[in-house]
Amino acid sequence: MNIKPLAPVWLFDLDNTLHDASHAIFPAIMANMNTYIARVLGDGTTPAHIDAVNAARMLYWKRYGATLLGLVKHHGVKADHFLAETHGMDDLLSMIRHEKGLGQLLRRLPGRKVLLTNAPHRYSTMVLRHLGIQRHFSHHIAIESMRVHGQLRPKPSKLLLRKVMRRQQVTARRCILVEDTLANLRTAHALGMRTAWVTQYLKVDDPIGMAHPPKRLTRPGWVDVKVKSVKHLPTRLSRLRRNTVIE
């Protein structure tokens, strides 16, 4: 008797995975973030110097996986306020760059798809609608929902990924994380997930796009599949589904 494996559950990142955030969106977020951090680090009248801002932003990104967590932990910043200030762009839709055929791609991939993004819900909803792919995702998990035991735990938190698996009622071996950020893929691989690294929108010197940027886009051991575009995923299914088994 032939027993087919269960369909995978795809966990898709958004920025620099499904669209080109490095083109205009990340620079705008970076500018907003610098302005915000300068106010936080300043003396109440004069904003902090850009060198202090850059140092704090990168320190918190590398230590916690998200600059926001460092600001919350060390400066009492309210997460909702930070997200609204940094992701508020009046001309957002005109800044989006993406490939055509994303809806067709998602239809071709077997199994259900979950959007798992460290971006805020309002922003990610606007991007999804502009891309025309929101209907392809069974769940939309934005950073506001990434709380574990009351604490904000965005990617690459293992606690978050375990919570997502519990809520989706799947084991790690059925999950495939599709991401541009290596730190997130490394955590997923450590938990037993399959991992797909999308590279076409990455810039090695982009501090938002890559938490720990490598000198070259060489596939590390914790990445099962490296693809330039998500549209190449259907051709790599056999490798990605190798460990997807009946439970």
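The values are calculated or read from the model by the stated rules, or taken from the named source; none is laboratory data. Because the structure is a prediction, the values reported are computed rather than measured. All Cβ positions, even for glycine, are placed from backbone atoms using ideal geometry, and neighbour counts span all protein chains on display. In case anyone asks, the SASA skips ligands and DNA or RNA and just uses the protein heavy atoms, side chains included. Shrake-Rupley method; radii C 1.70, N 1.55, O 1.52, S 1.80 Å.
Here the translational diffusion coefficient of the chain follows from Stokes-Einstein with Rh set to the Kirkwood radius across Cα pairs; for 37 °C and 0.692 mPa s it amounts to 176 µm²/s. Split the accessible area of the chain by element, probe 1.4 Å, and carbon with sulfur accounts for 50%.
Taking only the C-alpha atoms of segment 77-198, Rg followed by Dmax gives 14.9, 42 Å. For the chain, a Gaussian network of Cα nodes joined below 10 Å ranks 88, 111, 44 by mean-square fluctuation, and the top entry is 44.
Global size of segment 1-135: 18.4, 74 Å for Rg and Dmax (C-alpha atoms, Rg to one decimal, Dmax whole). Calculate how steeply helix 121-131 sits against the longest principal axis of the alpha-carbon atoms of the chain, using the helix alpha-carbon long axis, and give the answer as 0 to 90 degrees to the nearest 10. With both axes taken from Cα atoms, the answer is about 60 degrees.
Please give every one of the aspartates and glutamates within straight-line cross-link reach of residue 155, meaning a C-alpha to C-alpha distance under 16 Å, and leave out same-chain neighbours fewer than 8 residues apart. Within the straight-line cut-off, residue 155 pairs with 13, 15, 144, 179, 180. Taking all C-alpha pairs of segment 10-88, those more than 18 Å from each other amount to 44 percent.
Peptide packing: for 48-61, 177-190, the average count of neighbouring Cβ atoms within 10 Å per residue gives the ranking 177-190, 48-61, highest mean first. For residue 147, the residues whose amide H sits under 5 Å from its own are 153, ignoring neighbours fewer than 5 places away on the same chain, with H placed 1.01 Å from N. Here the simple spin-label model places points 7 Å from the Cα toward Cβ, and for residue 138 and residue 217 these points are separated by 3.1 nm. For residue 139, which sequence-distant residues (separation of 5 or more, or a different chain) have an amide H within less than 5 Å of its own amide H, given hydrogens modelled in the peptide plane? Amide H neighbours of residue 139: 115.
Backbone geometry of segment 60-70 corresponds, through the Karplus equation with coefficients 6.51, -1.76 and 1.60 at θ = phi - 60°, to 3J(HN,Hα) couplings of 5, 4, 6, 6, 10, x, 7, 4, 4, 4, x Hz, x marking Gly and Pro. Of the peptides 93-106, 161-174, the ranking by mean beta-carbon count within 10 Å, highest at the top, reads 161-174, 93-106. Return one quarter of the surface area of the convex hull spanned by the alpha-carbon atoms of segment 1-56, equal to its mean projected area, in nm². That works out to 6.5 nm².
3J(HN,Hα) along segment 26-35: 4, x, 5, 4, 4, 4, 4, 5, 4, 4 Hz, from the Karplus curve 6.51 cos²θ - 1.76 cosθ + 1.60 with θ = phi - 60°, whole Hz, x for Gly and Pro.
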